[in-house]
Structures are given as structure tokens and as C-alpha cells.
Amino acid sequence: MRGSPGSMTVLRPRSAAEAVILCAKHPGCLPLAGGTDLMVLWNMGELNGRRILDLSGVAEWRAVRKTAAGLRVGALATHAELRDDAFVRREFPLLVQAAAAVGAAQIQNRGTLGGNIANASPAGDTFPALAVYEAQIRVVSAKGERVIPFSEFFAGVKKTNLAPGELVSEIEFPFPPSRPRRQLFRKVGTRAAMAISKTVAAGLLWLGPDHRVRELRFALGSMAPTVRRLRAVEEFARGKRLTTEVTAQACNLMSQDVCPIDDVRSTAEYRLRVSQNILAAFLLG
Ligand SMILES: Cc1cc2nc3c(=O)[nH]c(=O)nc-3n(C[C@H](O)[C@H](O)[C@H](O)COP(=O)(O)OP(=O)(O)OC[C@H]3O[C@@H](n4cnc5c(N)ncnc54)[C@H](O)[C@@H]3O)c2cc1C
């Protein structure tokens, strides 16, 4: 039986340095950003007695800024801040569309990119965009800083490769090599908002002057325990013209990279078919 909300000890650092010190001093404390995932657990009584590290006072991790290499997003930047940022809208539109697909306005106003990633749901809506933009996750602890490629960040359902005491501080997005010819973000859920994805896709496509594929990046969420780049499809498409036949072959390869399941939201068969349709429409333009 689930419990009811009880007492909670909250630590409130005022800077990144203080957050790191408190995190080291209180092993097992739970970082809290926007609280949109954590407070659900608290309401169910699952955090009773836990020590919470409230990061909301860490101003350094809020910024969304342009750099020479691309974009740096503080872990505490909200989905609404990403959605509305002019530079992100121009240079990283898939991230904007993904942020706009998380929950609805209330969740976007509070929920953060760092919280979405650290929560490690198989259905995190920002993940396919982070995968095709080849994001880098900057993490910090009392031992120092390190950068984890997004492709290596997740360890499984609701599991990350963060070491104990590590906090996500920033997410870096390198500029893509050039402007892609086509780009896509698509979330399929039961409703247009407040729906957990049955499948969620992001794609970037570069074509050469002869209309052959120079580079394809395509990622799917909700189709495996963690977000997946379709490496077999990407490799197969390289150097080819995207005819109907090539597209059909590419779609058949999808199941090499994903393993959808039947659950309360959808069936494996539906997830695969719809994802293949999204890929086919993207490749055929
Ligand atoms: C009604 C509702 C609808 C939702 N709809 C969607 C949706 O459509 N798509 C979607 O992807 N998600 C959805 N979510 C989930 C959630 O809103 C997002 O995952 C959100 O981005 C979480 O961010 P947060 O700042 O609120 O995280 P929090 O709840 O504060 O934290 C989430 C997890 O991350 C950890 N954490 C947070 N920040 C850090 C950090 N800097 N370093 C290390 N660990 C950290 C926390 O300890 C916790 O384990 C929904 C949630 C609700 C309640």
C-alpha cells in the first residue's frame, strides 16, 4: 500500500559550489529541480524521510547561452525557457519542438531539461532531439567535472550513469556540421498534450548535390529501455538515393535498433508500424 506524504528535510544551496559540497556531505540526498517528477513521488509517500537537495537557488545552472561551438543549456533551464529562446528556435528547432511537447504549459513552466534527463524515463520527450544533436552532458561533483556523451548517459529504465554525488550542471549542443536539408520532431501519444509518448522521433538529414544521403541521424524514444539512435538505418542510408525501395529497406532495418513492448499505452506492433511510417515520410520528403 502506498503511504501518504510525510516529513521532508530540504537543503537549499545558493550556488553551484554549495550544491556540490552539500551533495557530498549528505550521500543519498535527492536533487530537486522543478519537482514535476519528484513531487509525484512525494505525494505518494515514497520520499518520506529522504533528504532533498533543492537546486532552485543555483542561478549559475539556469542560463541558456550561445557559445562559439553551439549552445549551452543550464540543467535548471525550464522547457518553457527553451521553447521561447530565439537562438534555440533558430539553431536547434528540434529541441524547441521537444520542449513544447513535454506535458502542457504548467509542466513546461516548472520542469527542467536537467530533470528530464536525470529522471531517465524511457519516454522522455527531449531525448531523441538530444540524441540527434549529439549533446554532451556536463556533470559535477566534489571530485571535479566530467562530460558524458548523451549516448552514454543512460544505464537502463530510470537509471543513469551518474556516479553517487554527481549533479548535472549543463547540457552542451555542438552546432551541426551544416544546416540539414530536412529535420523532424514527432511525438505520438493518445492526446495532443499531457500524454506519455507511444513513440517519439527526431531526425536530421543531409543530402549531397547528387541527392545521395551524406548523413542521416534518426532517434526514437519509448521504443526501448532507453532512447535509441537507429545506427543500422543510418549506416544503410549513407550514400544512397532515397527511392521508395531504399526507404522500405531502411524501415525494415528499424527493428535491429529498437525493441518496443506492449504496455498500457500501446502495443509493440503499433509502436513499430507508426515509427516506420514516420521514418518513411521523413526519408521520402
Ligand atoms: C502531469 C505531468 C506530465 C508530464 N508530461 C511529460 C511529457 O509529456 N514528456 C516528458 O518527457 N516528461 C513529462 N513529465 C515528466 C517531467 O515533467 C519531466 O521529466 C521534467 O522535465 C522533469 O524536470 P523537473 O525539473 O521537474 O525534475 P525533478 O522532478 O525536479 O527531478 C527529476 C529527477 O531528476 C533528478 N534531478 C533533477 N535535477 C537534477 C540535476 N541537476 N542533477 C542530477 N539529478 C537531478 C531528481 O533527483 C529526480 O530524480 C510529466 C510530468 C507530469 C507530472
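The values are calculated or read from the model by the stated rules, or taken from the named source; none is laboratory data. Remember, predicted model here, so these are calculated numbers, not experimental data. Methodologically, a virtual Cβ is constructed for each residue, glycine included, from the backbone with ideal geometry; neighbour enumeration extends over all protein chains shown. Side chains included, ligands, DNA and RNA excluded: accessible areas come from the protein's heavy atoms. Shrake-Rupley method; radii C 1.70, N 1.55, O 1.52, S 1.80 Å.
So how much slack lies between Met8 and Ala248, counting 0.36 nm per residue of separation and subtracting their Cα-Cα distance, in nm?
Additional length available on full extension: 81.0 nm.
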Probe 1.4 Å, accessible area per residue of region 182-284, Å² = 48 Å²
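How much area per residue is accessible in region 9-57 when the probe is 1.4 Å and only protein heavy atoms are counted (Å²)?
51 Å²
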In percent, what relative contact order does region 182-284 have, based on Cα pairs under 8 Å that are 6 or more apart in sequence?
-> 23 percent
Ignoring ligands, DNA and RNA, what percent of the 1.4 Å accessible area of region 164-257 is carbon and sulfur?
-> 51 percent
Residue among Val168, Val200, Val264 with the largest mean-square fluctuation in a Gaussian network model of the chain, springs linking Cα atoms under 10 Å | Val264
Based on the Kirkwood radius over alpha-carbon pairs, what value in µm²/s does the Stokes-Einstein equation return for the translational diffusion coefficient of region 182-284 at 10 °C and 1.306 mPa s?
-> 115 µm²/s
Taking R0 as 22 Å and r as the Cβ-Cβ distance between Ala155 and Ala268, the FRET efficiency 1/(1 + (r/R0)^6), rounded to the nearest 0.05, comes to 0.45
Any idea how far the Cα center of region 245-279 sits from the one of region 1-65, in Å?
-> 37 Å
For region 130-136, take each phi angle, set θ = phi - 60°, evaluate the Karplus expression 6.51 cos²θ - 1.76 cosθ + 1.60, and give the result in whole Hz per residue in order, putting x for glycine and proline.
-> 4, 5, 6, 7, 6, 5, 10
Pairwise label distance in nanometres, Arg51 with Asn109, each label 7 Å out on the Cα-Cβ vector = 3.3 nm
If r is the Cβ-Cβ distance from Arg182 to Glu60 and R0 is 45 Å, what FRET efficiency results, to the nearest 0.05?
-> 0.80
Only helical DSSP H runs with n ≥ 4 go in: add -39500 (n - 2.57) per run for the chain, normalise by residue count and round the 222 nm mean residue ellipticity to 500 deg cm²/dmol.
-> -8500 deg cm²/dmol
Gyration tensor (alpha-carbon) shape descriptor, region 1-149, a/c threshold 1.5 = oblate
Rounded to a whole %, the carbon-and-sulfur portion of the accessible area of region 28-68 at a 1.4 Å probe is 55 percent
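Determine the gain in length on full extension of the stretch Asn277-His211; use 0.36 nm per residue of separation and subtract their C-alpha separation, reporting nm with one decimal.
Going from the current span to full extension adds 21.6 nm.
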Put a dot 7 Å past each Cα toward the Cβ at Glu18 and Ile261; how far apart are the dots in nm?
-> 4.1 nm
Counting Lys +1, Arg +1, Asp -1, Glu -1, what net charge surrounds Glu166 among other residues with beta carbon under 14 Å of its beta carbon?
-> +1
Semi-axis lengths, Å, region 9-57, gyration tensor of Cα atoms, sqrt of 5 times eigenvalues | 19, 12, 7
Return, for the Cα atoms of the chain, the radius of gyration and Dmax in Å, separated by a comma.
-> 19.5, 65
The chain, relative contact order in percent, only Cα pairs under 8 angstrom and at least six apart counted | 14 percent
Roughly how many Å² is the accessible area per residue of region 59-174, as a whole number, for a 1.4 Å probe?
-> 40 Å²
